[in-house]
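In what follows, a structure is listed as structure tokens, so that the remarks can point back to it.
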Amino acid sequence: MNDKQKVGVVIGLGALTIGAVFLARRQEEPPEPLPGLATLYGKVTDSITEQPVAGVLVTLGINLNTQTNTNGNYALTNTTPGEYGVAFIKDGYQTLYA
């Protein structure tokens, strides 16, 4: 039996939601990106309790990363548009790749 909790996440690019594992609402608006660039943002929640998860490492591609704040929100601003792998990592939780 796996003792790690699953993480739910909503992934957004600008105002467009591009994928969801567990539906959650973002309470804060991300900063506006520079012209021609994009912002990847979202909120990470515990899939059982539906509570935000702070301190989740969010990685985009091989060298862009941030952590969720106390409300579970994250934003990676001024990102070149394209296709990327995204990972959500936190001790005690299953790592989620999207």
Residue among 12, 42 that is buried (at least 18 other Cβ atoms within 10 Å of the Cβ), in a strand (DSSP E or B), modelled with pLDDT under 50 and not hydroxyl-bearing (Ser, Thr, Tyr): 12
Yes/no for residue 51 being at negative phi, among the polar types (S, T, N, Q) and modelled with pLDDT under 85: no
Pair list, Cβ < 7 Å and 6+ apart or interchain, from segment 70-84 residues that are of a type in the set (A, V, I, L, M, F, W, C) to residues that are part of a loop (DSSP other than H, G, I, E, B) and surrounded by 12 or more Cβ atoms within 10 Å (Cβ to Cβ): 75/30
Looking only at segment 45-98, and only at residues there that are open to solvent by 70 Å² or more (accessible area, probe 1.4 Å) and among the aromatic types (Phe, Trp, Tyr), the one that is farthest from residue 35 (Cα to Cα): 97
Residue check for residue 21: modelled with pLDDT under 50 and under 20 Å from residue 96 (Cα atoms): yes
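The values are calculated or read from the model by the stated rules, or taken from the named source; none is laboratory data. None of the values given here were measured: they were computed from a predicted structure. A quick note on method: Cβ atoms are made from the backbone with ideal geometry, for glycine too, and the neighbour counts reach across all protein chains shown. In case anyone asks, the SASA skips ligands and DNA or RNA and just uses the protein heavy atoms, side chains included. Shrake-Rupley method; radii C 1.70, N 1.55, O 1.52, S 1.80 Å.
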